[in-house]
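Visitor: Handing you a structure now.
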């Protein structure tokens, strides 16, 4: 049996940094980390267990665990559902228009399907 050394999160991040990633993979990982971290912070700030959060979201505890660990590739639809169930208001931007992300993200409540971009990249949740 091979003995594995437990790593701290900092050691793990250092090891991940050593592996070359494409720009696409870097951005994807940053977005996943932001989303999973935000969900975990929400859960902890509201003193919820993964099981309790799963009940609120209508998913399994295992799904919450995969989301928080960044292992679940969530669809845009699922992200919107999660945000709304947690009282948030999703905002999205491709980051291709100057200053758009900082000032005027797409508001999913006010954007029609015809106006809505097909290839969204950044997703930000804000409290309602």
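Visitor: What pairs come out if I take residues in region 50-76 that are at positive phi and pair them with residues that are part of a helix (DSSP H, G or I) whose C-beta lies under 9 Å away, six or more apart or interchain?
Guide: Going by the 9 Å Cβ cut-off, the qualifying pairs are 58/81; 58/85; 70/29; 70/32; 70/33; 70/35; 70/36; 70/37.
Visitor: Residues that are surrounded by 14 or more Cβ atoms within 10 Å (Cβ to Cβ) and at pLDDT 70 or above: list the helices (runs of 4 or more DSSP H) wholly contained in region 14-128 that include at least 1 such residues. It would help to see each step written out before you state the result.
Guide: Details: elements: 23-45, 50-57, 61-68, 76-85, 100-103.
Hits in region 14-128: 23-45, 50-57, 61-68, 76-85.
The values are calculated or read from the model by the stated rules, or taken from the named source; none is laboratory data. The model shown is predicted, which means the values in this text are computed figures rather than measured ones. Neighbour counts are summed over all protein chains in view; Cβ atoms, including those assigned to glycine, are modelled from backbone coordinates with ideal geometry.
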